[in-house]
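Following: one structure in C-alpha cells, then a few remarks.
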Amino acid sequence: MSKLLQIAFVELGTTEIPGAEHNPRIVEYAQQRNFPGVRDDETPWCSIFVNFCCDQLKYEKSGKANARSWMQVGKDSSDDPKPGDIVVFWRESIHSWKGHVAFYLGHSQDKKKIFCLGGNQGNAVSVAGYDTKKVLGFRRVGAEVSISIPDPYLRKDDKGEGVIQLQQILNKLGYNCGDPDGSFGNKTLSALKLLQANNQLTVDGVYGNDSKTVIESLLQA
C-alpha cells in the first residue's frame, strides 16, 4: 500500500457534524495545512484533505483549496494510474472551476467507475465511486517521483515544461516560487535570485549553466 493511502486510511470515517458544531479533526486538516480562514467542517474540504495527507509525508502539495489545483502538481500518471495516485474530477461542467480530488484506489470491472478514498465524500473521509468520464487527470506525487533538471537558459517571461521543472526544483530546495505553472514570473525570479545569492553566483535571475551546476550539487547532497 502506498504511504499516502496509509495516511488517508487512518482518517477513514471522519465525518462532518450536522448543525452549528464542527468536527475538530476536519478543522485541524485546514489549520495544519495553513488554511487559517477555514474554521468549520462545511467549507468544501476535499483538496484540504489531500494537502493534509501529502504534508504528513512532506510530499509536494497544491497549497490550494480548489480541487483542480492538483492538475499542476507532481507527474501525469494518466497512462498507468496506481493506487495512491491523486485523481482529479470535473464537477457540473468540464469548463467549470469546480471539481473533486481524492486518492485513486481502482476501477470497477466495467471501467465505468473509479473508486477513491478522499475527504468530503458524503461529508466524510470515505470510499466512493465516481464516473470515469469525469476524470480530468491522474497525478503522482512523492519521493518516488524524480524531478528532471531543465536545460539552460531560462529567464523571466519564459513559459513551458522547462519552467515547470525549474519551479519544482526551487520549491523542493526550499525556495518558494508558488505552484509550478510553467510561467516564469516574479515569484520564480525572486526564488532563483535567492538561490543564486545563497550560492555565491551572479544574481541575475537567469537560469544558466552555473545555476544548473549548483542545483545538481544541491540535489545530490
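Read-outs throughout are calculated quantities, based only on the coordinates presented, and are distinct from any laboratory measurement. Remember, it's a predicted structure, so these values are computed and weren't measured experimentally. Reconstructed Cβ throughout: ideal geometry from the backbone, glycine too, with neighbour counts over all protein chains shown.
Structure data summary
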{"quantity": "Evaluated at q = 0.15, 0.22, 0.26 Å⁻¹: base-10 log I(q)/I(0), Debye formula over Cα of region 161-220", "calculated": "-0.35, -0.80, -1.14"}
{"quantity": "Residue order, fewest to most beta carbons within 10 Å, for Phe184, Phe115", "calculated": "Phe115, Phe184"}
{"quantity": "Difference of contour (0.36 nm per residue) and Cα-Cα distance, Lys133 to Asn66", "calculated": "22.1 nm"}
{"quantity": "Computed lengthening from Ala197 to Ser96, 0.36 nm per intervening residue step minus Cα-Cα distance", "calculated": "32.2 nm"}
{"quantity": "Estimated vicinal HN-Hα couplings, Hz - region 11-27 in sequence order (Karplus 6.51, -1.76, 1.60; Gly, Pro = x)", "calculated": "8, 3, x, 5, 10, 4, 9, x, x, 6, 7, 10, 5, x, 5, 5, 4"}
{"quantity": "Over 22 Å between alpha carbons, listed pairs Lys156/Lys212; Lys3/Lys58; Lys82/Lys134; Lys3/Lys113; Lys64/Lys156", "calculated": "Lys3/Lys113; Lys64/Lys156"}
{"quantity": "Solvent-free Debye scattering, log10 I(q)/I(0), computed from the Cα coordinates of the chain at q = 0.08, 0.18 Å⁻¹", "calculated": "-0.32, -1.23"}
{"quantity": "Relative exposure of His107, His95, His100, judged by other C-beta atoms within 10 Å (fewest first)", "calculated": "His95, His107, His100"}
{"quantity": "Efficiency of FRET from Cβ geometry, Lys82 and Leu173, R₀ 30 Å, rounded to 0.05", "calculated": "0.65"}
{"quantity": "Two-site FRET efficiency, Asp40 against Asn186, from Cβ-Cβ distance with R₀ of 30 Å, rounded to 0.05", "calculated": "0.35"}
